[in-house]
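A.B. asks: Would you mind keeping the following structure in view while I ask a few things?
The values are calculated or read from the model by the stated rules, or taken from the named source; none is laboratory data. Bear in mind that the values here come from a model prediction, so they are computed numbers and not experimental data. Glycine gets a Cβ as well: all are built from the backbone with ideal geometry, and neighbour counts include every protein chain shown. When the accessible area is computed, the model is the full protein with side chains, heavy atoms only, and any ligands, DNA or RNA have been set aside. Shrake-Rupley method; radii C 1.70, N 1.55, O 1.52, S 1.80 Å.
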Amino acid sequence: MAAAGWFAANLWVALTSPSNLPFDWPARAGQSSLQILAEVNLALAQILLLMGVVYLLTRRRPDPQLTARAPERRQALRETLGLLSYGLAGLAGGYFLPGAYGWHPFGLHLAGTIFGTHDQLAVAEVLTWAGYNLMVYAVIPLLYFRRSYSATALGLKSTAPRNDFLVIIVVLALETCFQIYALQPASLGLPLNQLLPGAALTFVLYLAGAVLPAMVFIYAILLPRLLRLTGSAVATVLLGGLTYAGLHLWDAWAVFTSPESTVLSVIFLIFTYLGPGMLKSFLTLRTGNAWVHVWAYHAFAPHTLIDTPHIVEVFRLK
């Protein structure tokens, strides 16, 4: 079903989209819709290759028994529905709260993340985005679930530290090399007086606003319950990827002004975030440690590597 849906979305874009997509993507300026379509499919292929590497690295470690960390099925269903409803409320708040100040809606990514933006962001907007996401998607859910579940049950404690470290180092190295080769990030051209403080500030802001919220909400809490409910690692990986894509609904580049642009926006939200969300899910299933994806495939690459110039510009670091 997932493969058929991916193929249908490709076909829709190839046959119906304009030659230039209606998105504010400075990083993809000058690329046609077909070029971008080819790019997202290559990115998915790279994700699948990384998943193969992770499988090889973890094939000899004991099964982390993620299902056993979730409650019985009825309780898991109640907690899953409650968590997803709470997440929708968080997205609604992330739309209306910043709108009152004339800011971009708050999704899991700050406006301008990865693809850049022609808008100028206020420092207050960036700080509020990070604080809102950290509180809504990480702090409150963690405080609630830690009353009933241990750190191990939530995937916050490693059961095989050496293998976790190996997975982190290998995946981080491969992903960093790929992004440097494919994207040629502008951060590598920054002078040291901008690069060092900019990278540190980017790391902290994105850790608070994107990385920890995704880690707690999806990979620490939701994923074991999805596995309990579906009984399928494949379905869990896919649903984890779709949830990750859903938390990016308010990405600033998405356009919802017409049915056509809305369909394209939803398709490209899935094209952009399903694969990374799947890899994060797979890393968590194979290691039982929700922290692994944080260091291997989120906090450093892509965000610190790609988004440092954006934060340097917002904060006018010199």
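A.B. asks: Subtract the Cα-Cα distance of residue 59 and residue 16 from 0.36 nm times their separation in residues, and report this length gain in nm to one decimal.
C.D. replies: Fully extending the segment from residue 59 to residue 16 adds 11.2 nm.
A.B. asks: Please compute the length gained on full extension between residue 150 and residue 95, using 0.36 nm multiplied by the number of residues separating them and subtracting their Cα-Cα distance.
C.D. replies: Stretched out fully, the residue 150 to residue 95 stretch lengthens by 16.5 nm.
A.B. asks: For residue 230 and residue 313, compute 0.36 nm times the residue count separating them, minus their Cα-Cα distance, and round to one decimal in nm.
C.D. replies: 25.4 nm
A.B. asks: On the protein heavy atoms, probe 1.4 angstrom, tell me the percent of accessible surface of the chain carried by carbon and sulfur.
C.D. replies: It is 69 percent, rounded to a whole number.
A.B. asks: Residues of the chain: accessible area per residue at 1.4 Å, in Å²?
C.D. replies: 46
A.B. asks: Between residue 160 and residue 256, what FRET efficiency comes out of the Förster formula 1/(1 + (r/R0)^6) with R0 = 45 Å and r the beta carbon distance, rounded to 0.05?
C.D. replies: Taking R0 as 45 Å, the efficiency between residue 256 and residue 160 is 0.55.
A.B. asks: Report, in debye and to the nearest 20, how large the dipole of the chain comes out about its Cα centre when Lys and Arg carry +1 and Asp and Glu carry -1 on their Cβ.
C.D. replies: Charge dipole of the chain: 1260 debye, to the nearest 20.
A.B. asks: Please check: in the Gaussian network model of the chain (C-alpha springs, under 10 Å), which one of 71, 98, 18 has the largest mean-square fluctuation.
C.D. replies: Between 71, 98, 18, it is 18 that shows the largest mean-square fluctuation.
A.B. asks: Relative to the longest principal axis of the chain, what angle (0 to 90°, nearest 10) does the C-alpha long axis of helix 2-16 take?
C.D. replies: Value to nearest ten degrees: 10.
A.B. asks: If you take the charge dipole of region 74-163 about its Cα centre, with +1 on Lys and Arg Cβ and -1 on Asp and Glu Cβ, which of 107, 122, 135 is farthest toward its positive end?
C.D. replies: 135
A.B. asks: I've got another one for you. Cα axis of helix 73-99 to longest principal axis of the chain: angle in degrees, 0 to 90, nearest 10?
C.D. replies: Between helix and principal axis, roughly 20 degrees.
A.B. asks: What's the angle, to the nearest 10 degrees (0 to 90), between helix 305-314's Cα axis and the longest principal axis of the chain?
C.D. replies: Between helix and principal axis, roughly 50 degrees.
A.B. asks: Simple spin-label model, 7 Å along Cα-to-Cβ: residue 3 to residue 182 in nm?
C.D. replies: Distance between label points: 2.1 nm.
A.B. asks: Of the peptides 292-300, 74-82, how do they stack up when ordered by the mean number of other Cβ atoms within 10 Å, highest first?
C.D. replies: Descending mean neighbour count gives 292-300, 74-82.
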